[in-house]
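The values are calculated or read from the model by the stated rules, or taken from the named source; none is laboratory data. Just so you know, these numbers come straight off a predicted model, no measurement behind them. Note that we place each Cβ from the backbone using ideal geometry, even for glycine, and neighbour counts take in every protein chain shown. Accessible surface is based on the protein model in full, side chains and every heavy atom, while ligands, DNA and RNA are left aside. Shrake-Rupley method; radii C 1.70, N 1.55, O 1.52, S 1.80 Å.
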Number of protein chains: 2
Amino acid sequence: MTELRDITLDDIESLAVGAWILGTGGGGSPYLGLLNMRRLYAEGFRVQLMQPGDLADDDWVAAVSNMGAPLVGQERLTDSRTIARAVSLMEDHTGIRFRGIMALEIGGGNSIQPLMAAAHLGRPVIDADMMGRAYPEAQMTSVAVGDLKPYPLSTVDCRGLEAVVQTVPTWKWMERVSRKICVEYGSIASTCKAPRTGAEVKQWCIPRTTTKAIAIGSAVREAQRRHEDPIEAILSVEPGKVLYRGKVMDVERRATEGFLRGRTRFDGVDGWKGSQLEVAFQNEWIVAWQDGEPLAMSPDLICVLDTVTGEAIGTETIRYGQRVTVIALPTAEVFLTPKGLQHVGPRAFNYDIDFKSVFA
Amino acid sequence: MTELRDITLDDIESLAVGAWILGTGGGGSPYLGLLNMRRLYAEGFRVQLMQPGDLADDDWVAAVSNMGAPLVGQERLTDSRTIARAVSLMEDHTGIRFRGIMALEIGGGNSIQPLMAAAHLGRPVIDADMMGRAYPEAQMTSVAVGDLKPYPLSTVDCRGLEAVVQTVPTWKWMERVSRKICVEYGSIASTCKAPRTGAEVKQWCIPRTTTKAIAIGSAVREAQRRHEDPIEAILSVEPGKVLYRGKVMDVERRATEGFLRGRTRFDGVDGWKGSQLEVAFQNEWIVAWQDGEPLAMSPDLICVLDTVTGEAIGTETIRYGQRVTVIALPTAEVFLTPKGLQHVGPRAFNYDIDFKSVFA
């Protein structure tokens with residue numbers, strides 16, 4: 001028998017904080033998604049959480065995300081109806097009826113997209129995702145590492161633009177074609193990815209990541225209420241590591257080809273005084289160098305947090321003078337295989353560095 | 001009772017010549033399509049022609065074309081299977097079963113696309129199109145002038161790329177989104193446009209244009225065989241007008257945004273000695289100026305022909321030194337209404353000129 005857990009509005013408040021930390025700088029701020037969910041809950045909508053283990057092998061699951069440059073999400077605001085439409089367009093297109101809705105990526109605002117679709121469509125949210133964090137490109141998922149079918153993919157826009165990428169020869173071609181559609185829509189589109197069976201979700205997706213994000217966010221919020229150290233609170237629920245503490249000295253940022261790219265430089269404080277950190281990003285934080293030496297890199301999660309509140313700082317909002325603590329969290333194991341590293345290791349982002357985990 | 005006429009290979013040889021003339025410089029050379037049809041006929045395939053009047057009101061018709069920059073069609077060669085796949089993708093997507101297949105545009109190689117699809121799929125070709133010539137953009141059709149639904153549209157590529165534009169708010173948005181997909185495929189895609197009912201075809205499409213193209217081509221080929229003037233032969237079957245005779249002096253050509261744009265300048269001979277002609281193109285010949293004064297313009301058909309053979313010269317192949325005769329042929333009446341001129345008059349191509357027909 002399937003057990004569904006009610007997601008409370010307090011859970012969603014925690015999810016917004018925890019998912020932003022797991023976003024590793026990207027995935028878009030969860031704030032506008034949170035506002036949508038506050039409104040939906042005030043109107044009486046409710047959402048439930050379902051464990052992937054409770055899926056039948058032949059159930060169908062919709063994987064959703066808003067695709068595009070995070071910066072654009074600050075101009076074209078999140079609307080819960082477009083992501084629901086991306087799911088129903090996929091149902092119209094394939095004839096599939098989805099059992100539940102899951103996140104493409106648990107990191108950032110995309111953690112809340114399945115909740116918005118679930119509220120409108122009356123389906124549960126599946127407690128899993130395909131990244132365990134956020135990543136910028138279509139082929140950077142556990143299901144792409146597993147060589148599952150990359151298509152079809154539906155795209156929706158608030159002005160009534162709807163397109164389906166029906167077949168592609170490779171995951172990279174899915175990235176290329178869907179990215180151009182997204183850019184023409186204005187660098188943001190609500191998308192439903194290739195439908196996944198229950199069997200595929202159980203074999204390839206990363207389980208319990210919604211629960212994990214809620215737990216992280218809950219720990220941070222509890223520490224804030226008690227005036228305790230929120231960074232310590234995160235490390236009490238996740239096996240992470242403090243990498244650096246410092247101050248933002250410089251940000252170089254540009255929105256290109258549907259991505260937000262750039263670098264940030266920090267000056268150390270406390271035990272890191274006199275030491276410099278530089279972090280490169282493509283939507284997400286990808287590689288960190290301490291005094292010119294690689295310190296941490298994808299797929300390890302690099303999280304740049306506000307030292308006082310413990311909340312995440314995004315690549316689209318980081319600015320001069322902020323006091324930050326940089327922590328690493330471990331990646332899902334699927335990305336540590338040779339095939340996984342081909343998809344999301346430093347060379348997948350054009351950095352000629354051998355992957356070395358900070359947890360090795 | 002529906003009467004189907006067999007299309008002979010000789011008809012297709014004439015269609016290739018006549019449609020290239022109706023292409024007004026664009027639509028792509030029919031030569032590679034003709035080679036495909038010669039091979040298909042050698043393999044035993046046959047195609048039949050059906051009059052639009054024989055369609056039931058609730059029949060469905062597929063309108064097809066290869067979309068993109070004509071120049072690219074000289075590098076990525078025509079394959080009859082991609083256009084057939086664009087039609088079957090639309091059938092898969094909509095659940096519609098098409099009664100027949102028609103051309104988006106009778107001009108150029110796109111006149112032969114429905115024959116290739118028809119051969120593979122075993123359906124008749126409908127003797128009609130939506131332009132009566134060739135035009136570069138999605139909203140430049142009789143069905144767009146009629147404000148019929150612009151979507152869905154399917155796109156297919158020889159490497160297995162397939163995408164469907166499912167909904168758009170306007171014809172211009174269909175042009176924008178489908179053009180970007182086409183450009184990402186490499187500036188050429190086989191497409192099936194929005195399915196049309198028999199009633200829509202009978203009310204809005206331009207009838208008997210396949211027959212017309214065959215008749216024009218047949219007249220030219222007959223004149224060539226008899227060493228008679230092929231230009232006169234064209235004017236004996238179509239109510240056209242000779243505008244100019246001269247020699248190509250200069251060609252300025254660039255492939256941009258999925259189009260081929262530029263200008264050609266001519267020096268006059270015979271009765272036009274001392275007079276200069278300049279013709280601007282966007283895939284097709286759009287406006288002709290004689291000694292700086294507008295002489296002819298869209299929607300009138302401007303056809304630049306080889307003076308000796310009477311065959312058309314395309315905007316992608318015209319070159320210095322060619323001897324040409326420029327003739328005008330009348331447009332389909334749907335484009336002469338105020339709404340029609342909004343879609344294809346000179347201002348639709350950003351020329352601030354009031355339309356004046358050479359036949360007025």
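The table below lists the values:
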read-out	value
Any hit, the stretch B:286-299, residues being at pLDDT 95 or above and touching a Gly at 6+ places or on another chain (Cβ under 6 Å)	no
Subset of the stretch B:38-65 [assigned to a loop (DSSP other than H, G, I, E, B) and open to solvent by 70 Å² or more (accessible area, probe 1.4 Å)]	B:GLU43, B:ARG46, B:ASP57, B:ASP58
Residue within the stretch A:201-211 that is surrounded by 24 or more Cβ atoms within 10 Å (Cβ to Cβ) and free of Cβ contacts under 8 Å to residues at least 24 places away in the same chain present	no
Test: residue in the stretch B:290-309 that is surrounded by fewer than 24 Cβ atoms within 10 Å (Cβ to Cβ), in contact with a helix residue (DSSP H, G or I) (Cβ under 7 Å, 6 or more places away or on another chain) and of a type in the set (Asp, Glu)	no
Test: residue in the stretch B:244-253 that is open to solvent by less than 40 Å² (accessible area, probe 1.4 Å) and farther than 24 Å from B:GLY73 by Cα	yes
Failed criterion for A:VAL72 (all others in (1) at pLDDT 95 or above; (2) in contact with a strand residue (DSSP E or B) (Cβ under 6 Å, 6 or more places away or on another chain) hold)	(1)
Residues (open to solvent by 10 Å² or more (accessible area, probe 1.4 Å), more than 7 Å from chain A (Cβ to nearest Cβ) and assigned to a helix (DSSP H, G or I)) located in the stretch B:154-182	B:TRP171, B:LYS172, B:GLU175, B:ARG179
Qualifying residue in the stretch A:40-61 (condition: in contact with a helix residue (DSSP H, G or I) (Cβ under 7 Å, 6 or more places away or on another chain), at pLDDT 95 or above and closer than 29 Å to A:THR256 by Cα)	no
Complete set of residues in the stretch A:80-105 that are farther than 28 Å from B:GLU91 by Cα and either open to solvent by 40 Å² or more (accessible area, probe 1.4 Å) or part of a helix (DSSP H, G or I) (or both)	A:SER80, A:ARG81
Of all residues in the stretch A:117-147 being of a type in the set (D, E, K, R) and more than 17 Å from the chain's Cα centre (by Cα), the one that is least open to solvent (accessible area, probe 1.4 Å)	A:ARG123
Flag if A:ASP147 is farther than 17 Å from A:VAL47 by Cβ, among the acidic types (Asp, Glu) and within 9 Å of chain B (Cβ to nearest Cβ)	no
Helices (runs of 4 or more DSSP H) lying entirely in the stretch A:184-246 (those with 3 or more residues that are under 21 Å from the mean Cα position of the chain (by Cα) and either charged (D, E, K, R) or not assigned by TED's automatic domain parsing to the domain that holds A:VAL334 (or both))	A:198-204, A:209-226
Index of the failed condition, B:LEU77 passing every other in (1) aliphatic (A, V, I, L, M); (2) away from chain A (no Cβ under 14 Å); (3) more than 24 Å from B:GLN48 (Cβ to Cβ); (4) open to solvent by less than 20 Å² (accessible area, probe 1.4 Å)	(4)
Lone qualifier among B:MET90, B:MET131, B:MET140 - being within 14 Å of another protein chain (Cβ to nearest Cβ) and in contact (Cβ under 8 Å) with a residue 60 or more places away in the chain	B:MET90
Hey, A:GLY18 crowded, with 20+ Cβ neighbours inside 10 Å, within 20 Å of the chain's Cα centre (by Cα) and modelled with pLDDT under 95 or not	no
Residue in the stretch B:258-275 that is touching a helix residue (DSSP H, G or I) at 6+ places or on another chain (Cβ under 8 Å) and within 21 Å of B:ASN350 (Cβ to Cβ) present	yes
Answer residue from the stretch A:183-201, given it is among the β-branched types (Val, Ile, Thr) and touching an Asp or Glu at 6+ places or on another chain (Cβ under 9 Å) and is farthest from the other protein chains (Cβ to nearest Cβ) among those	A:VAL201
Any strands (runs of 3 or more DSSP E) falling wholly within the stretch A:274-354 and containing at least 2 residues that are without any contact (Cβ under 8 Å) to a residue 24 or more places away in the chain and of a type in the set (Gly, Ala, Ser)	none
Of the criteria (1) open to solvent by 50 Å² or more (accessible area, probe 1.4 Å); (2) on the phi > 0 side of the Ramachandran plot, which one B:LEU4 fails	(2)
